[in-house]
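FYI, it's all coordinate maths here, none of it is from the lab. Computed from a prediction, not measured in an experiment: that's the story for all the values here. Note: ideal-geometry Cβ built from the backbone for every residue, glycine included; neighbour counts use all protein chains shown.
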Amino acid sequence: MKLQRRRIAAAWLPALLWMAFIFYLSSQSNPLAKTPPSDFNFVAHFGEYAILAFLLFWAQLATGGWKGNIRVALAASFLLASLYGASDEYHQSFVEGRIPSWVDWGMDLLGAAFAVAVIARWWRLLLWRQSRYRRTVLPADPRRGRS
């Protein structure tokens, strides 16, 4: 039981730390004062939430979440990342010098969607390779009547 709790904590810790980092950046009045606002803003939002969606998926995978249903895990990762992005924009409305933006939230959604799409594609290729390996390399099961 104690080991199970440690495993769950270790799996979710990277995602929680990344969320704390995003919250910290959102708490700053002007975190990107020395960078060009338009170009870097897109990259920052896109990258932050792509990483967050990946870490949320990884946490679910490491803890055995969703019992092997990859689509549910991907949807949950996207949903959690998008909800956190919305709450982040709401949080910015309370920070002096910051304003919430639908465009920023849209960039957050694009980053999370990109991560989920990459994971889904990677997962499909991994499963295809595993099934191909099983068909061509592993011997047939004699209990099924094949030789």
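Quick notes on this structure:
- The calculated FRET efficiency for the pair LEU25 and PHE114, based on their C-beta separation and a Förster distance of 22 Å, comes to about 0.65.
- Take 48-58, 77-87, 114-124, 95-105 and order them by the average number of nearby Cβ atoms within 10 Å per residue, most first; the result is 48-58, 77-87, 114-124, 95-105.
- Taking θ as phi - 60° and the Karplus parameters 6.51, -1.76 and 1.60, the scalar couplings of the stretch 78-93 work out to 5, 5, 5, 5, 5, 5, 5, x, 5, 5, 5, 5, 5, 4, 5, 5 Hz in sequence order, x denoting glycine and proline.
- Spin-label pair ALA62/LYS2, simplified geometry with 7 Å Cα→Cβ offset, distance in nm: 2.1 nm
- Cut-off under 5 Å, modelled amide H: who pairs with VAL95 long-range: none
- Applied to the stretch 17-24, the Karplus parametrisation 6.51 cos²θ - 1.76 cosθ + 1.60 on θ = phi - 60° returns per-residue 3J(HN,Hα) values of 5, 5, 5, 5, 5, 4, 4, 4 Hz, with x for Gly and Pro.
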